[in-house]
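The next block holds one structure in the form of structure tokens; read it before the comments.
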Amino acid sequence: MQEVVLALLAKEPSHGYELRARMRQALGPVGDAMNDGQIYVTLARLEKTGLVTSERSPGLPDRPDRKVYALTAAGQQRVADWLADVTWPGPAPAQFHLKLVAAAAAGLADPLTIVATQRREVLRRLRAAQRAAMAEPDRSPGGLLLEGIVLRLQADLRWLEACERHWTREEGQS
Amino acid sequence: MIGTEGSPIVRARGLCKRYGKDAGLVRAVDGIDLDVAPGETLAVMGPSGCGKSTLLHLLGGLDRPTSGELWLAGRRIDAMSERALARLRRDAVGFVFQAFHLMEELTALENVELPALLADRSPRAARRRAACVLDRVGLADRASFLPSALSGGQRQRVAIARALANEPLVVLADEPTGNLDSEAALSVLRLFESLHEAGQTLVIVTHDARIAATADRMLTMRDGDFVDETRLTGGSTGSLGTLAGLEG
């Protein structure tokens with residue numbers, strides 16, 4: 001979140017609410033669940049660590065003064081580092097894999113039941129994401145993000161199929 | 001003439017389709033029980049060769065089961081005469097195929113009015129109905145185009161309009177997005193969604209989880225039989241924000 005806010009600020013010094021609007025625009029329906037306060041909390045943290053500075057801009061008669069935030073040199077460096085970073089976020093399958101191995105080894109639960117339950121859960125998520133994508137206008141940034149979510153869930157389903165094949169074979173042998 | 005209110009549009013008991021014999025015996029559909037409720041969107045998902053297309057052909061009366069009982073619109077069809085079956089198929093079923101199957105020498109409008117003409121509607125009534133369903137699929141302005149002048153997504157929407165021409169009780173779709181890029185596939189799914197909202201009963205067979213997940217209920221098929229049933233409506237967990245990795 002910190003890097004995202006910094007990168008959004010790289011365009012020009014901005015008010016918090018402008019950053020929030022840019023983020024909403026980019027996320028589409030995915031951003032609906034976002035807590036609006038989050039950006040201000042993040043900005044306060046970034047200011048404390050010296051990555052952004054703020055200046056008060058005079059408020060209108062019916063509004064309090066608003067802070068305008070800007071990147072410091074250190075903030076700009078952090079954005080550059082973040083853009084060059086190749087870390088690929090995503091759920092690691094190791095934990096689920098180890099759950100199946102442990103359940104089978106201890107005779108705690110049938111790995112095939114765990115796989116089937118997980119598959120239904122992933123299918124319901126896929127439905128939520130696909131239906132949100134259907135409700136988005138073509139070529140919107142929010143739709144592009146949903147496409148990414150959908151493709152990942154499809155990959156998860158394919159891996160669950162591989163798990164199912166493996167544990168079916170294992171059960172056949174024991 | 002048509003099944004009573006609330007009873008299944010499609011009902012199968014112990015449905016089997018076998019090809020070949022002895023060592024070459026293929027159990028394409030192997031003892032399936034199925035009920036499709038009015039207004040339901042059902043997806044049957046499975047890898048190619050699992051028997052899902054054969055099943056769809058049986059359900060729509062395009063092919064005959066080897067054994068088992070099958071009802072369409074409340075009427076038993078597994079042993080129905082060819083002629084009665086053809087009439088029921090024409091009146092009660094709309095088919096959508098992966099390869100569209102449009103007549104290339106006919107315009108979009110002419111393709112869509114064909115089923116009504118074959119059902120002995122007057123040319124005027126057939127044309128009116130065709131114009132109405134073309135409008136419903138968002139292609140009123142493409143009525144005079146030949147299929148070759150339309151995009152893949154538009155062709156499939158014309159094919160769906162044709163399937164709707166006789167106001168079928170059920171639309172059966174076989175890999176309806178299989179030949180489409182993801183944007184065109186979305187346009188077809190949006191159309192199915194609007195049909196669903198209008199109360200159209202719909203059965204989709206596909207190998208694509210993404211398509212299947214838009215249904216109310218999904219059956220997974222392997223080697224001619226269902227191995228899993230998942231109800232997709234309700235009970236969804238995890239917000240989109242969590243799915244996108246937006247937490248914290």
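Every read-out reported here was derived from the displayed coordinates using simple, explicitly stated rules and does not represent laboratory data. Because the structure is a prediction, the values reported are computed rather than measured. Cβ: placed from backbone, ideal geometry, glycine included. Neighbour counts: every protein chain shown.
A few remarks follow.
- Which numbered condition B:Leu109 fails, given (1) among the hydrophobic types (A, V, I, L, M, F, W, C); (2) more than 20 Å from the chain's Cα centre (by Cα); (3) under 29 Å from B:Lys17 (Cα atoms): (3)
- Helices (runs of 4 or more DSSP H) contained entirely in region B:133-248, each with at least 1 residues that are hydrophobic (A, V, I, L, M, F, W, C) and more than 12 Å from every other protein chain (Cβ to nearest Cβ): B:152-164, B:182-197
- Of the residues examined, A:Arg78 is one that is over 25 Å from A:Pro29 (Cβ atoms), touching a helix residue (DSSP H, G or I) at 6+ places or on another chain (Cβ under 7 Å) and among the charged types (D, E, K, R).
- Total residues in region A:115-174, condition exposed (fewer than 14 other Cβ atoms within 10 Å of the Cβ) and either within 7 Å of chain B (Cβ to nearest Cβ) or part of a loop (DSSP other than H, G, I, E, B) (or both): 4
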